[in-house]
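A.B. asks: Just dropping this structure here.
The values are calculated or read from the model by the stated rules, or taken from the named source; none is laboratory data. Quick caveat, the model's predicted, so the values are computed rather than measured. Glycine also receives a Cβ, built like all others from the backbone with ideal geometry; neighbour counts cover every protein chain displayed.
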Amino acid sequence: MTVSVAPLGERDADMDAPQAPHNLGIIRLIDMIFPGDTNHHGTLFGGTALAHMDKIAFLAASRHGRATFVTAASERIDFTAPAHEGELVEAAAQVVRVGRSSIHVEVTLTAEALLSGDRRLCTRGLFTLVAVKEPGTRLPLPPLGPAPVQEHHRLMMVDMVFPPQANHYGTLFGGDALRMLGKAAFIAATRHARSVMVMAASERIDFRSPVRVGEMIELNAHVATTGRTSVRVQVELWAEALLTGARRRAASAEFVMVAVGPDGRPCPLSQ
């Protein structure tokens, strides 16, 4: 559905003082493609791809504007290549234009083969999101500043906590937090070794703070040490309140991931 959007740069009489420019750069949502995500051809459902793209566009807009956003429109989205079962799919979003109450977010969806590292662009789109005028909404939105330097030596990926992932206290289930930590460790280890990796051990897991429904999760993972057949991956899970930007480290973990061959036994790392 498309709704009318106020022209970019429109200024109203009740405008607040301009906010300082800033730019949080590119944020990424990375997931595995499992059988339940695919059609009868073994490729990712178009609707699932669009859901990933809309979610990451929302998170990018929310981090920039620190307001409640809704998707107002998206430009034509062409699917140029399929993403196959067993591959990684990465949705990357970057704010490219900011108006008084609207934000344009460019989103790309890229598939990645786990063992070879081959990547191909599946689709891209431009999403327009509009800030909902609420008592705490500050308008105009902050202008776009220079892009920050991105860290490439570690995996950084985001997600969001929804009610089905929460317990009766309205906070993230510990099991879902462990799943997110383990997924980040698997992706970081696989990208490092380009081998079939399995979890051999979780050395230590510390839960420091609950994560509430509606908060964004940022997972930071990096390979700390490399052995003959295994790697040790350290992962941190950060919670971020979308409206205030307040961040806290909610959990940390260390995993041992082992490369295995066709027989399921440990084998030397491919690199």
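A.B. asks: Only one residue in ARG232, ARG179, ARG247, ARG191 is out of contact with any strand residue (DSSP E or B) (no Cβ under 9 Å at 6 or more places or on another chain) and either buried (at least 17 other Cβ atoms within 10 Å of the Cβ) or within 21 Å of ILE30 (Cβ to Cβ) (or both), so which one is that?
C.D. replies: That would be ARG179, the only listed residue that is out of contact with any strand residue (DSSP E or B) (no Cβ under 9 Å at 6 or more places or on another chain) and either buried (at least 17 other Cβ atoms within 10 Å of the Cβ) or within 21 Å of ILE30 (Cβ to Cβ) (or both).
A.B. asks: For segment 33-59, give me each residue that is more than 14 Å from LEU109 (Cβ to Cβ) and either in contact with a Phe, Trp or Tyr (Cβ under 9 Å, 6 or more places away or on another chain) or surrounded by fewer than 17 Cβ atoms within 10 Å (Cβ to Cβ) (or both).
C.D. replies: Those that are more than 14 Å from LEU109 (Cβ to Cβ) and either in contact with a Phe, Trp or Tyr (Cβ under 9 Å, 6 or more places away or on another chain) or surrounded by fewer than 17 Cβ atoms within 10 Å (Cβ to Cβ) (or both): PHE34, PRO35, GLY36, THR38, ASN39, HIS40, HIS41, GLY42, PHE58.
A.B. asks: Further question on the same structure: Within segment 244-253, identify whether any single residue is charged (D, E, K, R), under 30 Å from PRO163 (Cβ atoms) and touching a helix residue (DSSP H, G or I) at 6+ places or on another chain (Cβ under 9 Å), and answer yes or no.
C.D. replies: no
A.B. asks: What strands (runs of 3 or more DSSP E) lie completely within segment 16-102 and have 2 or more residues being more than 27 Å from SER116 (Cα to Cα) and out of contact with any helix residue (DSSP H, G or I) (no Cβ under 8 Å at 6 or more places or on another chain)?
C.D. replies: Of the strands (runs of 3 or more DSSP E) lying wholly inside segment 16-102, those with at least 2 residues that are more than 27 Å from SER116 (Cα to Cα) and out of contact with any helix residue (DSSP H, G or I) (no Cβ under 8 Å at 6 or more places or on another chain) span 69-74, 88-98.
A.B. asks: What number of residues in segment 118-139 are in a loop (DSSP other than H, G, I, E, B) and either modelled with pLDDT of 95 or more or among the basic types (Lys, Arg) (or both)?
C.D. replies: Result for segment 118-139: 4.
A.B. asks: Right, another one. Could you give me the residue pairs with C-beta distances under 7 Å whose first residue belongs to segment 213-228 and is without any contact (Cβ under 8 Å) to a residue 40 or more places away in the chain, whose second residue is of a type in the set (Lys, Arg) wherever it lies, and which are 6+ apart or on separate chains?
C.D. replies: Between residues of segment 213-228 that are without any contact (Cβ under 8 Å) to a residue 40 or more places away in the chain and residues that are of a type in the set (Lys, Arg), the close pairs are ALA224/ARG232; THR225/ARG232.
A.B. asks: Within segment 233-247, take every residue that is under 29 Å from VAL132 (Cα atoms), over 14 Å from the mean Cα position of the chain (by Cα) and not hydrophobic (A, V, I, L, M, F, W, C) and give me the one that is modelled with the highest pLDDT.
C.D. replies: Among those residues, the one meeting the criterion is ARG247.
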